[in-house]
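The values are calculated or read from the model by the stated rules, or taken from the named source; none is laboratory data. Treat the numbers as computed from the prediction; the structure is a model and nothing was measured. FYI the Cβ positions are ideal-geometry reconstructions off the backbone, even for glycines, and counts take in every protein chain you see.
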Amino acid sequence: MNSSTKSTSFIQFRYCKLCKISHKYKNKKHIYSLRHQQILINILSKFRKKIEDSQLILKNPVIMKLGWESDVTIWCYFCEESIQKHSTLEDCTVVCGSFIRHLALRQHIEKMNEFFWENILNKTTKLHYFIDEADSIIFKNKVEKAAQKFCEKQKQDISKNAEKIKTAALNHQLISQYHLQQKKQHQNLTTNQNSTTNQNSTTNQNPTTNQGFTNQSCATSHNFTASQNLTINQTPTFQRLEPNRQIDSLIEEAPQISTARKTSFGLTVIPKVKGGKEKGNIHTGAVPPWLQPDNTSSQTSTIGPSLHDYQAHCFC
Amino acid sequence: MLYLQLEKASVDLSNMAVIYCVDVDSVPVYTQYFDITLIPSTLFFFNAQHMKVDWGSQDNTKYIGNFKKKQHFIDVIETIYRGAMKGKFMVTSPLDPRDIYKYDLLYKEI
């Protein structure tokens, strides 16, 4: 029994993961085959290019926004696993950070040695396929400094943008104030015109009331000159509103939030639908279109037969 | 292609959801209401109630972009269905944030 189990340890064939074929394990014939050698040259040159790119970053670490190329992976031919290309810190992404860390791992170096041994490759080229641990530590320190700089720069950018938005909002407020004041003045003018016509008629009828009116008009004259023509019973409507209150009332009248700017990769951007500003949208919690009353269809059409037809149907 | 993914998933989701493809240009009222600026966008409803999903992105009213896998879409629908059956109007996305399409939206009060 023991002798039979021992004999099963013999492996006759082996699967080559590069060529994706099974070959005889005993001799090295497959390794020297043209196909295998060609594949080896291709993958090593491809992998070397990627490592060279990352070695450039090793000297000058590059920091990007959080979420930048978050799902990019690199296949390590020696370790036979996919590795995340970029590493992420709290609020930024380190370009090639994860890949560099992997290249400096002892496991990677061991696997690389194994790969070179199995495929009988030139050992002098080993240097190109891993990174020194000391270099990776230096890179780590550099990354920390670069990340701090990047965060500070981002904060500055945010504050600059905030200032820009503030100034834009102030301009918007001023414009809205101006429009509101003009609207109020226009309304007042129209009411005064109406009141003067009434006053003319009342002065002719009751001359004694005219004196009282003039006293009140003096008190309100600083607001608007046309208010001198007001009658006694009318209260002056021209009160100077505070600017903040005016803006608040404006916002209450038409509150709406919508997308002002959109950026994306691979998505179709559609132009904004014109009109319907007063209706509101989903962000403002407006009534959805399917719950709004339909004026056209429900009012005109009547459902079912008329009373006369129904009675005729019942009695006949 | 989102519509192909939805078409494939529609059979598996036939007990839970019905999927409709809508042309944005033909329904300007709804485009304005849902503030659709990027397509493809996916909206979710349960008994005429719009369902919101916390994707971890700027917009929780709709899903913008394609789903990476058919299974992702199925997972989302299942989560929404379960949440809605419990009376929720907003659920948390079951997807990994890395699997969600990246975009930038700036909202403005007008």
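For segment A:259-313, name all the residues that are assigned to a loop (DSSP other than H, G, I, E, B), modelled with pLDDT of 65 or more and aliphatic (A, V, I, L, M).
Scanning segment A:259-313 gives A:L267, A:I270, A:A286, A:V287, A:I303.
Looking at segment A:60-71, I want the residues that are at positive phi and have a partner that is charged (D, E, K, R) with Cβ atoms under 9 Å, at least 6 apart or on another chain. Which pairs are those?
Between residues of segment A:60-71 that are at positive phi and residues that are charged (D, E, K, R), the close pairs are A:G67/B:R98; A:G67/B:K102; A:E69/A:K85.
Which residues, taken from segment B:4-26, are within 12 Å of chain A (Cβ to nearest Cβ) and either under 23 Å from B:Y107 (Cβ atoms) or under 13 Å from the mean Cα position of the chain (by Cα) (or both)?
B:V24
So how many residues does segment B:40-83 have that are within 12 Å of chain A (Cβ to nearest Cβ) and not aliphatic (A, V, I, L, M)?
Total satisfying the criteria: 18.
Taking into account only those residues within segment B:14-34 that are surrounded by 19 or more Cβ atoms within 10 Å (Cβ to Cβ) and in contact with a helix residue (DSSP H, G or I) (Cβ under 6 Å, 6 or more places away or on another chain), which is farthest from A:G285 (Cα to Cα)?
Start the filter on segment B:14-34 by keeping residues that are surrounded by 19 or more Cβ atoms within 10 Å (Cβ to Cβ), which leaves B:17, B:31-34.
Now narrow it down to the ones that are in contact with a helix residue (DSSP H, G or I) (Cβ under 6 Å, 6 or more places away or on another chain): B:17, B:31, B:33-34.
Details: B:A17: 25, B:T31: 15, B:Y33: 10, B:F34: 11 Å.
If we take residues in segment B:14-34 being surrounded by 19 or more Cβ atoms within 10 Å (Cβ to Cβ) and in contact with a helix residue (DSSP H, G or I) (Cβ under 6 Å, 6 or more places away or on another chain), then B:A17 is farthest from A:G285 (Cα to Cα).
Which one of the conditions (1) surrounded by 15 or more Cβ atoms within 10 Å (Cβ to Cβ); (2) part of a helix (DSSP H, G or I) does A:T167 fail to meet, given that it meets all the rest?
Only one criterion in (1) surrounded by 15 or more Cβ atoms within 10 Å (Cβ to Cβ); (2) part of a helix (DSSP H, G or I) is unmet by A:T167, namely (1).
When you check B:Y33 against the structure, is it more than 20 Å from B:L6 (Cα to Cα) and of a type in the set (F, W, Y), yes or no?
Working: more than 20 Å from B:L6 (Cα to Cα): yes; of a type in the set (F, W, Y): yes.
Spelling it out, B:Y33 is indeed more than 20 Å from B:L6 (Cα to Cα) and of a type in the set (F, W, Y).
For the structure I just gave you, tell me whether A:I74 is of a type in the set (A, V, I, L, M, F, W, C), crowded, with 16+ Cβ neighbours inside 10 Å and more than 30 Å from the chain's Cα centre (by Cα).
Values: of a type in the set (A, V, I, L, M, F, W, C): yes; crowded, with 16+ Cβ neighbours inside 10 Å: yes; more than 30 Å from the chain's Cα centre (by Cα): no.
Criteria not met by A:I74.
Quick one: what pairs do we get from segment B:87-105, first residue within 14 Å of chain A (Cβ to nearest Cβ), second among the small types (G, A, S) and outside any loop (DSSP other than H, G, I, E, B), C-beta under 9 Å, 6+ apart or different chains?
From segment B:87-105, the pairs are B:F89/B:G83; B:M90/B:G83; B:Y101/A:S264; B:K102/A:S264; B:Y103/A:S264; B:D104/A:S264; B:L105/A:A260; B:L105/A:S264.
Specify which of the listed residues (A:F116, A:F99, A:F150) is of a type outside the set (S, T, Y), within 37 Å of the chain's Cα centre (by Cα) and either closer than 30 Å to A:H36 by Cα or modelled with pLDDT under 90 (or both).
Values: A:F116 fails: within 37 Å of the chain's Cα centre (by Cα); A:F150 fails: either closer than 30 Å to A:H36 by Cα or modelled with pLDDT under 90 (or both).
Only one candidate qualifies: A:F99.
Note down all Cβ pairs under 6 Å where the first residue falls in segment B:27-39 and is facing chain A (nearest Cβ under 7 Å) and on the phi > 0 side of the Ramachandran plot, the second is among the small types (G, A, S) and part of a strand (DSSP E or B), and they're at least six residues apart or on different chains.
Going by the 6 Å Cβ cut-off, the qualifying pairs are B:D35/A:S258.
For segment A:77-91, enumerate the residues that are touching a residue at least 60 places away in the same chain (Cβ under 8 Å) and within 27 Å of the chain's Cα centre (by Cα). Before the answer, list the steps.
Here is the first cut: in segment A:77-91, the ones touching a residue at least 60 places away in the same chain (Cβ under 8 Å) are A:80, A:91.
Once the filter is applied, which keeps residues that are touching a residue at least 60 places away in the same chain (Cβ under 8 Å) and within 27 Å of the chain's Cα centre (by Cα), segment A:77-91 yields only A:D91.
Count, please, the residues in segment A:108-132 that happen to be over 26 Å from A:N27 (Cα atoms) and exposed (fewer than 12 other Cβ atoms within 10 Å of the Cβ).
Number satisfying all stated conditions: 1.
Which residue, of A:L40, A:L44, A:L34, is surrounded by fewer than 12 Cβ atoms within 10 Å (Cβ to Cβ) and either more than 30 Å from B:G56 (Cβ to Cβ) or free of Cβ contacts under 8 Å to residues at least 12 places away in the same chain (or both)?
Testing whether each residue is surrounded by fewer than 12 Cβ atoms within 10 Å (Cβ to Cβ) and either more than 30 Å from B:G56 (Cβ to Cβ) or free of Cβ contacts under 8 Å to residues at least 12 places away in the same chain (or both) leaves just A:L34.
Condition check: under 30 Å from A:D71 (Cα atoms), at pLDDT below 85 and within 13 Å of chain A (Cβ to nearest Cβ). Does B:M1 satisfy that? Outline the logic, then answer.
Working: under 30 Å from A:D71 (Cα atoms): yes; at pLDDT below 85: yes; within 13 Å of chain A (Cβ to nearest Cβ): yes.
Yes; evaluated as a whole, the condition is true for this residue.
Has segment A:133-145 got any residue that is touching a strand residue (DSSP E or B) at 6+ places or on another chain (Cβ under 7 Å) and either modelled with pLDDT of 90 or more or in a loop (DSSP other than H, G, I, E, B) (or both)? It would help to see each step written out before you state the result.
As a first pass, look at segment A:133-145 and keep what is touching a strand residue (DSSP E or B) at 6+ places or on another chain (Cβ under 7 Å): A:143.
After this cut, where a residue has to be either modelled with pLDDT of 90 or more or in a loop (DSSP other than H, G, I, E, B) (or both) as well, the list is A:143.
The answer is yes, given that some residue of segment A:133-145 is touching a strand residue (DSSP E or B) at 6+ places or on another chain (Cβ under 7 Å) and either modelled with pLDDT of 90 or more or in a loop (DSSP other than H, G, I, E, B) (or both).
What strands (runs of 3 or more DSSP E) lie completely within segment B:21-110 and have 1 or more residues being at pLDDT below 90 and of a type in the set (A, V, I, L, M, F, W, C)? Can you show your working first?
Details: elements: B:44-46, B:49-54, B:90-92, B:103-109.
Qualifying strands (runs of 3 or more DSSP E): B:103-109.
In the list B:I64, B:I39, which residue meets the criterion of being among the aliphatic types (A, V, I, L, M) and closer than 20 Å to B:S10 by Cβ? Steps first, please.
On the way: B:I64 fails: closer than 20 Å to B:S10 by Cβ.
Just one listed residue meets the conditions, B:I39.
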